[in-house]
Structures are given as structure tokens and as C-alpha cells.
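Q: Below is one structure. I have some questions about it.
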Amino acid sequence: MTIHSRPGRDVLAFEPQSRAPGFGVYVHWPFCAAKCPYCDFNSHVRHKPVDQERYAAAFERELAEMARRSAGETVTSIFLGGGTPSLMEPATVRRILDAVAANWTIADGAEITLEANPSSVEAERFRGYREAGVNRVSLGVQALNDRDLRLLGRLHSVDQALHAIGLAREIFPRLSFDLIYARPDQTVAAWESELNQAIDLAADHLSLYQLTIEEGTPFYALHKAGKLIVPDGDLSADLYESTQRITAERGLPAYEISNHAVPGAESRHNLTYWRYGLYAGVGPGAHGRLMGPGGRHAISNEPLPETWLKMVESWDSGAVVDDLLSPTEQADELLLMGLRLTEGIDLKRWRKLTGRDLDPVSEADLMAHGMVERLGPDRLRATPAGMLVLDAVVADLA
């Protein structure tokens, strides 16, 4: 029985407020039409057509292997990320989703997301994804002015982005799109105008990321040479604070440091990560967290697509890392992921992993400086001020 034919598949009955992590399946499509200069994700440009038939067969094999390692789990979300998954043919997406349904039980109302770039959007392709079972699309819009789209190396124009947003709203039950702020020469006033325009266009979810300069990217080299100037710390903080204020006023408050949603429309799949749930990662460079011998395992796949493909065809898996995580490592991951959420972390779960309480001196110091706060005896979260320096907060607590 396939996902697209199951009754109730589009109800999206899951309630994020339950705080249950769920179980996710992540599928990585590593190919892009062009590499963006700020991107450090595992993405690759190929100048010859990709053999989608061969890759689909490999995804099917690795999905079966991941299902063997996670027997008994019920899938609450599937995420097709990349790369640019909207370069896949709808038939390839259908085969992947059918393979998930063949290997696991799929929860009624499961969230099934596909990332798409506006430059690769066509109405027929979108309808094909919808028929295959996708019920949520995440668009990589990134900016709503053509100058900054060119600066960011994007292949689409604002008009194409608006067309893609309109199509997605027409075809899919749910829509999210991404914007990048703290761009060169961006003022608070300009960002607030662009953000309000984005909220006018939004359905129920926005991902709003500050531009970060990642080592190994073209932007890193330009920044190091003084040829790319980004907002300083104070301006970045002002941009962040205006983002939080405007989205809250407009009905899409932050539920995670960079993600905003109408209450009840939070990304089910990303909540699985941030609530430190289990998930299977499939495809080149994909990561996963699964239970295995001895406890929770961190699994990472070979990133080079062609090498991954040969590995899966030979051994049903492209994994190059499969490490048992110690309780301390798990507790640190729980802090790192959970404190990104406005709901914070469950301290009972943290104590179960570590066998102890948080260091009272560190916690008291962070509280005195307004960086963290308790929500009852067993829940801790970062304050808005703490979110601005979250890495330091996590380091102090860990």
C-alpha cells in the first residue's frame, strides 16, 4: 500500500504541542543546478544528466536496510532535502515514498516535506509531487529583491519566487519558505519591510536564517579578503530582535531560533531533530540517529554521490560512520538541540542520561544574567537574550 493512496494521509493530524519526538526519515538528494557561494551543505553540480533510475533503486535498498535497523518504529515525518530535491522527477519521489511505506508503518497525518528551488518549479512537476504523496513543500526563496538574489548566487528571480509560492499554496496543504537576512548592506528598516512582505505571502511557516560565513565556501574567501562585509554583531542582534518581534506580532512566533510558525504548524520533521528523537538518514552525506547494539548510534553516510551509490549497490548501505554515543555525548546533543526551541528541554530526560542535575552554579549564573529560565521544576529554556549567544549558553551548561 502506497503513501499517496492511504486514507487520512493529508489530514496532518499530528499536534506538535504533544512534545513527542516522533520518528523521521530523511532522504538526501545531493545534486544542484549550481552551488550557492554561502552553502556548505553536501551538494554537487553535475553537467551530465543524473541516472535517476539508478539512484532511486539505491534509495530503495538503503531504506530497506534502515528499516531493518529500526524495526517497530512508526514514521511520523519524511523529509526530502538536499541539494535540490525538486530536480527529481515526480516518479523518483514516488518510488522513494513508496519504499518508505513498504518498509515502515506510516502514521496517519504524517508530514511529508520536499525542498524546492523556485528556479526548478513547474506546475506539472509540483502536481506530480503532490500525487506522489508530498503534503508540505519548503521553498528556498532566500531574498525578495533581485539584487540580493544575485549576490547569494540564486538562479531564480523575485517573479519566479512569487510564482512558485503561488503554485505551492494552490497545490500543497502546507508551505514553508526560507529567507536569509543579515546580508551585506542590509538595514533594519529594509529587512522589516521585506519580512512583512514575506509574512503577507506565507501560509503557516517561515524559516529565517542569519547569513553565516562558513569555512570552505566562496563567501568565506571573499569575507577573509575584506571583499564581503556582513553586518557586525550589534546590527545582527538588532536584525534578529526585529525578526522575533514582527513575526510574533503577525502571528508566526518563533518556536526555534530560526523557525516561525502559526501555532500548530511547526515543522514536524525538524521537531524530531530538536526534541532529540530518532531518525533514519538515507542518501549521500545523510546523517541518522538510531538505536542499535548498546544504545543510540550516530550514523553518517559517504558524501560523494558516486561513491555512495557504489557502496549501496554492493552492501545496501553507504554508512562510513556508525558510532555508539556515550550518555554524556547524548546529554550534550540533547542540550545543543533542545535549547534551540522556545519550549526548552525536559530536565528529567537529561538527568536520566547523565545521572545528575545541571551544575547549579552555572545555571544560577546564566539565570542571573538573563540567559536561561525555568518553566517549572523540570523544564529549562534559553531566554531571547540567551538565544543570541546560544553556543556559549550550551557550553556553560554542558
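The values are calculated or read from the model by the stated rules, or taken from the named source; none is laboratory data. None of the values given here were measured: they were computed from a predicted structure. Glycine gets a Cβ as well: all are built from the backbone with ideal geometry, and neighbour counts include every protein chain shown. Just so you know, the surface numbers come from the protein's heavy atoms only, side chains and all, with ligands and any DNA or RNA stripped out. Shrake-Rupley method; radii C 1.70, N 1.55, O 1.52, S 1.80 Å.
Q: Grab the strands (runs of 3 or more DSSP E) fully contained in the stretch 242-291, keeping just those with 2 or more residues being outside the structural domain of Tyr209 (by the TED database) and open to solvent by 10 Å² or more (accessible area, probe 1.4 Å).
A: So the answer is 278-282.
Q: So Phe177 ticks every box in (1) open to solvent by 10 Å² or more (accessible area, probe 1.4 Å); (2) within 30 Å of Gly109 (Cα to Cα); (3) at pLDDT 95 or above; (4) hydrophobic (A, V, I, L, M, F, W, C) but one. Which box is left unticked?
A: (1)
Q: Looking only at the stretch 11-66, count every residue that is at negative phi and modelled with pLDDT under 95 and tell me the total.
A: Number satisfying all stated conditions: 27.
Q: Another one. Could you please tell me which pairs satisfy a Cβ distance under 8 Å, a separation of 6+ or placement on different chains, a first residue in the stretch 173-202 that is at negative phi, and a second residue that is open to solvent by less than 30 Å² (accessible area, probe 1.4 Å) and among the basic types (Lys, Arg)?
A: Within 8 Å, the pairs are Pro173/Arg136; Arg174/Arg136; Leu175/Arg136; Ser176/Arg136.
Q: Further, regarding this structure: Being open to solvent by 10 Å² or more (accessible area, probe 1.4 Å), within 19 Å of Ser300 (Cα to Cα) and within 21 Å of the chain's Cα centre (by Cα), is that true of even one residue in the stretch 89-109?
A: No.
Q: Can Val137 be described as modelled with pLDDT of 95 or more and either out of contact with any Lys or Arg (no Cβ under 8 Å at 6 or more places or on another chain) or in the same structural domain as Leu206 (by the TED database) (or both)?
A: yes
Q: Give Glu170, Glu192 a once-over and let me know the one that is touching a helix residue (DSSP H, G or I) at 6+ places or on another chain (Cβ under 6 Å), of a type in the set (Asp, Glu) and either not in a strand (DSSP E or B) or not assigned by the TED database to the domain that holds Glu266 (or both).
A: Selected residue: Glu192, the only one of Glu170, Glu192 that is touching a helix residue (DSSP H, G or I) at 6+ places or on another chain (Cβ under 6 Å), of a type in the set (Asp, Glu) and either not in a strand (DSSP E or B) or not assigned by the TED database to the domain that holds Glu266 (or both).
Q: From the set of residues in the stretch 215-234 that are of a type in the set (A, V, I, L, M) and loosely packed, with under 15 Cβ neighbours inside 10 Å, which is farthest from Leu195 (Cα to Cα)?
A: The selected residue is Ala225.
Q: With (1) of a type in the set (Gly, Ala, Ser); (2) closer than 11 Å to Thr243 by Cβ; (3) not in a helix (DSSP H, G or I) as the list, and Ala203 as the residue in question, which single condition is left unmet?
A: The failed condition is (2).
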